[in-house]
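For reference, the structure is listed below as structure tokens.
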């Protein structure tokens, strides 16, 4: 898991470094400057990942998952939400059943 964590942290840092960059030269800069586009791309990649998951094509699923994670990181950056904040939410849910956790959420 360390490799994945390292890659996520490097990618998040790269995305942040693109903030304020030239949208014509950086896809990350373009997404950061256009939050609705960033959200649209996240939704698109989520759908493509879900579709890849039902085909049984492991390579396609890995590739679409990478796209999904990249766009998720961009949306987090747009909103100013850190990976540590997401990790804290996940840690708070550890040891609880998903059904119990979902029922405890505010509606």
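The values are calculated or read from the model by the stated rules, or taken from the named source; none is laboratory data. Just so it is clear, the structure is predicted and the values come from calculations on it, not from any experiment. All Cβ positions, glycine included, derive from the backbone under ideal geometry; neighbour counts span all protein chains shown.
One table, with the values for the structure above:
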read-out	value
Test result for residue 33, without any contact (Cβ under 8 Å) to a residue 60 or more places away in the chain, crowded, with 16+ Cβ neighbours inside 10 Å and more than 16 Å from the chain's Cα centre (by Cα)	yes
Check on residue 64, under 22 Å from residue 83 (Cα atoms), at pLDDT 95 or above, surrounded by 13 or more Cβ atoms within 10 Å (Cβ to Cβ) and in contact with a helix residue (DSSP H, G or I) (Cβ under 6 Å, 6 or more places away or on another chain)	yes
Within region 17-31, tally of residues that are in contact with a helix residue (DSSP H, G or I) (Cβ under 6 Å, 6 or more places away or on another chain) and within 14 Å of residue 73 (Cβ to Cβ)	4
Count of region 58-107 residues which are assigned to a loop (DSSP other than H, G, I, E, B) and over 12 Å from the mean Cα position of the chain (by Cα)	8
Region 64-93 residues that are more than 15 Å from residue 8 (Cβ to Cβ), paired with ones that are at pLDDT below 95 (beta carbon under 8 Å, 6 or more apart)	93/101
Meets criteria (free of Cβ contacts under 8 Å to residues at least 24 places away in the same chain, in a helix (DSSP H, G or I) and in contact with a helix residue (DSSP H, G or I) (Cβ under 7 Å, 6 or more places away or on another chain)) for residue 46	yes
